[in-house]
Amino acid sequence: MTGSASPAPTWGLSRASRMVFIGLLLGMLVASISQTIVSPAMPIIVADLGGIDHYSWLATAAMLVSAVVVPIVGKLSDLYGRRSFYLAGLSIFLLGSILAGLAPSFWWLVAARGVQGLGMGALMTLSQTIIGDIIPPRQRGKYQGFMGAVFGVTSIAGPLLGGWITDHWGWRWLFYAALPVGVVALVFITKYLHVPQVQRRAKIDVAGIVTLAAALVSILLATSWGGTTYAWSSPQVLSLFALGAVLLAVFILIELRAEEPVLPLRLFRNSILTFSNLASLMIAMSMFGAIFYIPVYAQGVLGVSATVSGAIMIPMSLAMIVVGIVIGFLITRTGRYKVFIVGGTLTMLAGFGLLLRMDYGSSELQLTVAMVVLGAGLGGSMQPFTIIVQNAVSQRDLGVATATIQFFRNTGGTVGTAVLGTIMTSRMVTTIPHHLPEGVEEVLPAEGLGADSVLDPTLLAELPQAMAEAVRRGMADALHTVFLAAVPLVLLAVIASMLVKSIPLRTTLHDPADARGSVAVHARVGVDAPTARDEHTDRTGPDR
């Protein structure tokens, strides 16, 4: 069945729902900018509090907690309503920000980042879910486009604002600066968010929650530590992977028997959800490969400064913002989505093709063109999958289905960064010596030239010209392998996008009274039958 190409029906948000949407945007802004605003100050924070040997934990703590929270909060919100969980998530995030700003020690700050991750996990998934509660899928594209634009804006503004705040006010204000915006979001949501919710009396799947959380922590820790803190073949990493695998097997057995499973496995019988999650996983893995390693290319190969290497990502972010908004409006206008996700992933493939053409002699202009193409592909392919999944499940599963998309994106980012980083560092061991002049081994550090040292402008400036050029050529070869490794991931995303069924986007909202009986329908085709009662409605009744 093909997607409808009919004109979008007349529809609009009520004033209350507009206020809710503004509140959601502000909450998303606070959560997403916290991930980018801190990066320029990391060296200063570590110099002030110590903890250089555990530097990565400042990012890992928030990532781990957020990844674990996402599927759990998504499910609980289906059972007990979104409002209380969203308000709790925003409040916890703001508390974590205050604790981070007050941090007297490194591990206090790590714990505070974990508290932020707890709130962040709730905000990220429930913002998208609440949009699904108040806006029909056919109209949702343009609003999701604006939501996606928030991520793009913060990816540009966060590092720039973070550097300015650190220079003028000190690093602690990085955590305080967003508090006023968060308070405003809290006021908006408290006053205006009253989405109708049918509470379901069900036994909470405690065993499933505990085993899922433990499995995710084990696997994500192994992925984060592998190739950095410990070797991939080390007992620490292998034992964590083994523990995670065992816990996942136990989790599946628990879910098959649970009265109300935290992650209903029946959802994955829906091919739309399964292929959308697979595509989102592959896109996230390749995207973070670009986000993390294009600046490395700019510094290590082109020789630009750290400040310029951060700014060099702006064209990619701008392309992602503009294309994401345009695609959102086109989905709303045409009712079609498959052409955009397939086109977006193919455009990503073209972007990585341009990156593969880069070498030691390439220019910044060539890199910029490749990033614009890649950003356009990301803008066309990322946000639509949320709409596609939400359109393919019943209201009773809206929260947990939305959470699966967010979870696979989080997982893809973590795994992609770790695996591609390992590829880069392992390749540099052979590519840099290959380009070095003969007889210079004795002047190299005992441990050789690693990623940290070759990106150190002071060290490179002290090397003879021939050696510095050899290092840059070796970096170019290593990063070529990184970009090459991302190509199969994008190809899988293209294939998964092609396998996503195209079904009409509903022009109606789910009726809570009908959601109880819609499971059988969704098991077959993933679409609710519209009712005359909910045609073109905008629900702002009390949240029970």
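The values are calculated or read from the model by the stated rules, or taken from the named source; none is laboratory data. These numbers come from a predicted model, not from an experiment. Quick reminder, even Gly has a Cβ in these numbers, built from the backbone with ideal geometry, and neighbours come from all protein chains shown. With ligands, DNA and RNA removed, areas are computed over all heavy atoms of the protein, side chains included. Shrake-Rupley method; radii C 1.70, N 1.55, O 1.52, S 1.80 Å.
Please give every one of the lysines within straight-line cross-link reach of Lys203, meaning a C-alpha to C-alpha distance under 18 Å, and leave out same-chain neighbours fewer than 8 residues apart.
Filter leaves Lys75.
Suppose the chain between Tyr176 and Ser234 were pulled fully straight at 0.36 nm per residue; how much longer would it get relative to their current alpha carbon spacing?
My answer for the length gained is 16.9 nm.
For the ranges 365-375, 236-246, 392-402, what's the packing order if you count other beta-carbon atoms within 10 Å of each residue, average per peptide, and put the highest first?
The peptides rank, most packed first, as 392-402, 365-375, 236-246.
Hey, any idea what % of the range 346-389's accessible area is carbon plus sulfur with a 1.4 Å probe?
Working: 950 of 1480 Å².
Reported share for carbon and sulfur atoms: 64 percent.
For the range 247-351, what does the alpha-carbon gyration tensor say about shape, rounded, prolate or oblate, given a ≥ b ≥ c as the root eigenvalues, a/c under 1.5 as rounded, and a/b over b/c as prolate?
Numbers: a/c = 3.28, a/b = 1.59, b/c = 2.06.
Oblate, because a/c is 1.5 or more while a/b does not exceed b/c.
Using a 1.4 angstrom probe on the protein heavy atoms only, could you order Phe329, Phe275, Phe385 from most to least accessible area?
Most to least solvent-accessible, the answer reads Phe329, Phe275, Phe385.
So, in nm, how far is label Phe329 from label Ile98 when the simple model puts each one 7 Å beyond its Cα toward the Cβ?
4.2
Using a 1.4 angstrom probe on heavy atoms only, work out the carbon and sulfur share of the accessible area of the range 111-158 in %.
The C+S portion of the solvent-accessible surface of the range 111-158 is 77 percent.
How much accessible area per residue does the range 220-316 have, in Å², with a 1.4 Å probe?
For the range 220-316, the solvent-accessible area averages 42 Å² per residue.
When the Cα centres of the range 289-368 and the range 144-206 are compared, how far apart do they sit, in Å?
Between the Cα centre of the range 289-368 and that of the range 144-206, the gap is 25 Å.
Please list, or write none, the lysines whose alpha carbon is within less than 22 Å of the alpha carbon of Lys338, excluding same-chain residues fewer than 8 places away.
Lys338 reaches Lys142, Lys501.
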